[in-house]
1. Only four residue types carry charge here, +1 at the Cβ of Lys and Arg and -1 at the Cβ of Asp and Glu. Report the dipole size of segment 2-370 about the Cα centre in Debye, rounded to the nearest 20.
2. Using a Förster radius of 25 Å, what is the FRET efficiency between ARG351 and ALA253 based on their Cβ-Cβ separation? Nearest 0.05, please.
3. Calculate the spin-label point distance for LEU92 paired with ARG324, positioning each point 7 Å from the Cα along the beta-carbon direction, and give it in nanometres.
4. Quote the FRET efficiency, to the nearest 0.05, computed for LEU131 versus THR317 with a Förster distance R0 of 35 Å and r equal to the Cβ-Cβ distance.
5. Once you place label points 7 Å from the Cα toward the Cβ at SER167 and HIS260, how far apart are they in nm?
6. State the answer as a single residue: which of ILE154, LEU108, ILE271 lies farthest towards the positive end of the charge dipole of the chain, with beta carbon charges of +1 for Lys and Arg and -1 for Asp and Glu, about the Cα centre.
7. Sorted by mean Cβ packing within 10 Å, highest first, what order do the peptides 321-329, 148-156 take?
8. So how do HIS78, HIS201 line up by other beta-carbon neighbours within 10 Å, fewest first?
Amino acid sequence: MPYLHDLLLRARTVVLAAVVATFASSAVRAEDHHHGSDSDWLVFLTGQERVRSDSDVAPQKDFDYVSADVLYSHSTGHFRMLAETFIATNELEVERAQFGWEFGENTLIWAGRFHQPASAWNTQHHHGQFLQTAITRPNIEHWEDEGGLVPQHIVGALLETRGSLGSTGGLTLSLGGGAAPVITDGAMSPIGVFKSNIGGHRASWSGRASFLPDLLGEDAVGIVAARHDVNVRDAGVAALLQADDVGLNVVGAFVTLDRHDWRLQATWYDIDVDLNSGPQTRHENFGAGYLQAERTLPHALRVYGRVETSQKAGASTYLTFQRREFELRRKLVGLRWDVARNHALTLEAARATNLAGDFNEIRLQWSGVVP
């Protein structure tokens, strides 16, 4: 079957990446031990299938992907390095390439390509599927190449700091600034590493502040804010939006609670859109958010559910450039089984509504991490 042949090709790519990274990890650790520095590799592996049923189309089985996300970190004295590369048969992308310096305790300044800090979800989970309980990430948190509406990859500088508050609590602060993506070929395109770029990138500013009741715990409550100036380099999208520049002003709040066998995460964003065309500017506003609840069960099982919703998003002209795929609403339930150490099987069922109508989907995923 065609999808099986595609599966084998993708799997071969992923296995090769895992083998190379595992051997490299052993070699790097031995070398670092000799020189007194610290390096580490992690390889997040994923295989996923999906069955989707639209209101007017029979259920279709479409193979999503097999992929490897290779994460490398290195530290020597005050110097830090972080690199993340996503590998699949149809994609090879350096997602993060950061070089940092530690100024004092718990304060880092990074330069390079990083994840903008004004995302509640992606700051925690990055590209490693194994790190998130659910198979899918919330629509408003999608990466640019998944049809994301908000820039996620920025090239510039990032400040991260944290400090204690009281006897057990703490505060964290992240501030980022640099070059935002542009819109080209019908999608948002950030500056890439080791690939040609179309140019015309404008400014992005983003920040995140959070309070942690326990500095070493998972509970957090915080706020995010960002301003992205996105240049429209696609003539078709510019005609559709009647704008050659999009200004995105994002403010949001999030809370994460971890209580014994329960975990809750809730986030809401309010997004102002400025559609600029010469001296004229049109304004839009919409909101989007989600609530995810997880419950740990015996036998290494975890059940979860998530509700995503939006406000006034269906009336936004800005959403139409994304080919009507943004989901205005989504409800899902899932079951994850950590079948072995660092390996999990997850089954997820969802019903969603986008600008084109309603649809159902079922996904099955294996995810793991080595070493």
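Bear in mind these aren't lab numbers, they're just calculated from the coordinates by the rules spelled out. Owing to the predicted nature of the structure, the values given are computational and were not obtained by experimental measurement. Cβ: placed from backbone, ideal geometry, glycine included. Neighbour counts: every protein chain shown.
1. 440 debye
2. Computed FRET efficiency for ARG351 and ALA253 comes out at 0.40.
3. It is 3.6 nm.
4. Computed FRET efficiency for LEU131 and THR317 comes out at 0.50.
5. Distance between label points: 2.3 nm.
6. Of ILE154, LEU108, ILE271, it is ILE271.
7. With the highest mean Cβ count within 10 Å placed first, the list reads 148-156, 321-329.
8. Listed from fewest to most nearby Cβ atoms, that is HIS78, HIS201.
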